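K.L.:
Quick one: structure below, then a few questions.
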Amino acid sequence: MNREQAYQLTLDAIAKLQWNTALILEAKAVEAEKVRNWLLTHITNDTSVTQSERLGTSLQFHDHNVDLIDSLTKLCNGLNRSMKAIIEPDDGEAEGMGSMFGSMGEGDMDG
């Protein structure tokens with residue numbers, strides 16, 4: 001396997017990771033909506049004695065979502081660095097990558 005094929009495989013893997021990340025975010029949005037509905041129907045004055053208990057329950061769900069978004073942001077930043085290293089290499093490899101993408105037609109890079 002030559003370098004261009006390895007770059008192609010790496011870019012394909014990055015695209016698949018980004019697709020899976022989008023699926024995770026979509027599922028988390030659906031889950032967040034379910035949690036919101038649950039909180040609105042189950043966390044009432046009858047179920048919690050104090051405002052701090054109600055707030056604490058809400059914050060637990062919120063903290064979990066913030067941690068997930070932070071982790072996905074770090075993943076995406078790593079993927080972006082990998083893609084940038086492949087597309088815009090610093091050390092004289094730019095000509096090799098230019099020929100790889102230059103040999104493809106303009107429309108070929110879209111799909």
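The values are calculated or read from the model by the stated rules, or taken from the named source; none is laboratory data. Given the structure is predicted, the values throughout are model-derived calculations rather than measurements. Cβ coordinates were reconstructed from backbone atoms using ideal geometry, including for glycine residues, and neighbour counts include every protein chain displayed.
K.L.:
On the basis of being surrounded by fewer than 12 Cβ atoms within 10 Å (Cβ to Cβ) and of a type in the set (Lys, Arg), does residue 16 make the cut?
P.N.:
The answer is yes for residue 16.
K.L.:
Of everything in the range 46-62, what is of a type in the set (Val, Ile, Thr) and either at positive phi or outside any helix (DSSP H, G or I) (or both)? Give them in sequence order.
P.N.:
47, 49, 50, listed by residue number.
K.L.:
Looking for whichever is assigned to a helix (DSSP H, G or I) and loosely packed, with under 12 Cβ neighbours inside 10 Å here; the options are 37, 65. Which one fits?
P.N.:
On inspection, the qualifying residue turns out to be 37.
K.L.:
On the basis of being assigned to a helix (DSSP H, G or I) and touching a residue at least 24 places away in the same chain (Cβ under 8 Å), does residue 28 make the cut?
P.N.:
yes
K.L.:
Moving to a separate point now. Please specify each residue of the range 42-74 satisfying the condition of being modelled with pLDDT under 85 and under 21 Å from residue 17 (Cβ atoms).
P.N.:
65, 68, 69, 72
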